[in-house]
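The structure appears below as structure tokens.
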Amino acid sequence: MGATEATRVTRRRKEERRPLAQLSVRSLRLCVSALNLSEGKDETTMKPNATKVIARQAVVLASLIVVSGAQGTEFRGSWSNVPDRVWVGPEYWANRLQDWRVSNGRLECVESRAGKPMRTVHLLTHTLGSKRGDLDLRVRTGLIGEAKDMVPKSAGTGFLIGAGRGLDYRAAALVHHSWGPNAGLFAGIDGKGFLCFRDFSASDTTGKRKTAPKVLAPRNRRSGELQNTELRLHGEPMGQKYLLTLSSHDPSTGKELGHVTLKGIAANRLIGSVALVSDPGAGKVTGRFWYNDLRVSGRKIQAHEGQECGPILSTQYTLHRNVLKITAQMMPLGEADNQMVILRTRQGEVSENWNTVAATKIIAPGWTAPFRVENWDSTKDVDFKVLYELKLTDGKSRQYTWSGKVRRDPVDKDTIVVAAFTGNHNARHPGVDRGRYTWTEDWLWFPHNEVVGHVFQQEPDLLFFSGDNVYEGASPTGADRSGKESSYYDYLYKWYLWCWAFRDLAREIPCVSMPDDHDVFQGNVWGAGGRKTNKDDKGGYVMPADWVRMVERTQTSHLPDPYDPTPVEQGIGVYYTALNWGRVSFAILEDRKFKSGPNGLCPPTTSGRADHIVAPDFDPKTADVPGAKLLGDRQLKFLRDW
């Protein structure tokens, strides 16, 4: 996480509280001026409420079953009645988002490049707990395609168990690609059809692939048909350790086709996340795999209510001059999915009289559901919930909700507290996809629980995320700048991490967020009025305009209406505007959109980049050349009116 602090706008001298940290803002973002709004001042005194509002989400679909009893917890998941889409379901997190899809009633991995090993789908709602007991995992799986005899031995399909021990469940769900400490154990079938165990926490130092996970158990005879088999993993305590038995079965008859055992597994290796793994292997011909009918059971399985992810991931809102704007961030739903989202409110925390105040259609790409409600009573706290009906192909459905609170305008407060953030790095450099990674809190900072907890303690009235909410590279994975469909999902994969980490703050505290250069996958942004460019320092946007519009929708569509909504070049929108909150007016400048690129306009530098100055004797006046702009004429007009 980047720097953060609590900023206060004060009209009377008050005792100051120590900021959380020092804030470093690299460019002018926010102007603040006090407004004399005493005539509309609300004298009612209310304490800021920093209590987290718990999401009231349904925990089961018709396609899954959760059973608890003396024999432990059982989870059953199926994709047979799920419509085709990229998002794999609320009980799971896919690494990466673009690497998986639901297709023809089954889960499929679409990534088969040798440079993208160990694609994972983590089960969020059930994990391996510390309790001593047995465990059973089952799944149907098979190779996609007909080249089964050409797939390398290093390929594999199966389970990852004990991943991310001790991490927040959201952080543990990111384990993929790289072996390393705390990465877990793999149990599955290799590319030649043999059952095997691999230790993703250690490398094989004896073979040719020095960075490959260590093989723990010798391969047995071929397990049978690689195109369609049922994998079963059973674990049971033996003294202070565990015995693991991995077997394959004919899915139609249940007949065992082969098995292999692994003895002496330390109990603490079987604590953490459970995931499905599709590993393409290394070679000219690689593999990818499909899955269905997942079952997880046993006394060692721990169920976690409320750990679903989607279909409603988060919300952000602002309230300005009695106009409420809320954007619900949805997961990437398919064309056959329901496209409508509903907003309801109630007066008072004990009332069950929820009223529908708005309905909106999901906007893709980006999958945002923006609401705009006029004539909002800004003198009262109001509970809200966003509703979405998730439908299956068999006609059954389940309603999901996401709840929060729209706070009253704090016009009676003498001090307005603004929690300001800049730069949101999720992982230690060089990222999780470089072959080896240490899957611990020292290396994986997401989901920033310490920062979120400290911000709640400051009881802020407003959140301000000044940009770089997404780092395109190494946070946690490298960037897809192809401009193809996969690059849209690559942005969302990273943006969803921001939503997942900060959603409990944003669901009840008004939030100003805006993209910066890394959010649009550039090393710098000199917007030059929105034009297309092939190099960032020339001025303009490198990624496709439709992609840029998606980024801005996800981060800014909840802001007050723009001062002048006229798009810039390529049809890219604008969002510079004002927000009045607590008798303070905030000017949201969007200072990147119009400024000129220095390449070819300003004198050359000695750094190798036209926008990087390293010479200690550089005179900034030499860069003040005719035609160079920092703010656009439209922005200057806005500031004069503001």
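Structure values in brief
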read-out	value
Once the Cα gyration tensor of region 473-600 is diagonalised, semi-axes √(5λ) in Å	24, 21, 12
Integer Hz, Karplus 6.51/-1.76/1.60 couplings in order for region 271-278, x for Gly and Pro	10, x, 7, 10, 9, 8, 10, 10
Gain upon complete extension [ASP168, VAL285; 0.36 nm per residue less C-alpha separation]	38.5 nm
Efficiency of FRET from Cβ geometry, VAL110 and GLU374, R₀ 45 Å, rounded to 0.05	0.55
Cα shape, the chain, gyration tensor, a/c 1.5 rule	prolate
Folded to 0 to 90 degrees: helix 485-506 orientation relative to the chain principal axis, Cα	70 degrees
Qualifying trypsin sites (Lys or Arg not before Pro) in region 601-642, DSSP loop, other Cβ atoms within 10 Å at most 12	none
Computed Kirkwood radius, in angstrom, where 1/r is averaged over Cα pairs of region 90-174	14.9 Å
Ellipsoid equivalent to region 337-475 - semi-axes via the Cα gyration tensor, in Å	33, 26, 14
Largest-first ordering by accessible area, 1.4 Å probe, given options ASP536, ASP394	ASP394, ASP536
Accessible-area composition of the chain, carbon plus sulfur, in percent [1.4 Å probe]	49 percent
Helix 545-556 axis, angle to the chain major axis (alpha carbon atoms, nearest 10°)	80 degrees
Chain lengthening between VAL614 and TRP642 when straightened (0.36 nm per residue, less Cα-Cα)	6.4 nm
Value at 222 nm in deg cm²/dmol, rounded to 500, when DSSP H runs of n ≥ 4 in the chain each add -39,500 (n - 2.57)	-2500 deg cm²/dmol
DSSP-assigned coil residues among trypsin sites (Lys or Arg not before Pro) in region 283-318, each with at most 10 further Cβ atoms within 10 Å	LYS284
Considering only the chain, percent of DSSP beta bridges that pair antiparallel, nearest 5	95 percent
FRET efficiency for GLU441 and SER486, using Cβ-Cβ distance with R0 set to 30 Å, rounded to 0.05	0.50
Solvent-accessible ranking of ILE342, ILE301, largest area first, probe 1.4 Å	ILE342, ILE301
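The values are calculated or read from the model by the stated rules, or taken from the named source; none is laboratory data. Computed from a predicted structure; not experimentally measured. Every residue, glycine as well, gets a Cβ built from its backbone with ideal geometry; the counts of neighbours run over all protein chains shown. With ligands, DNA and RNA removed, areas are computed over all heavy atoms of the protein, side chains included. Shrake-Rupley method; radii C 1.70, N 1.55, O 1.52, S 1.80 Å.
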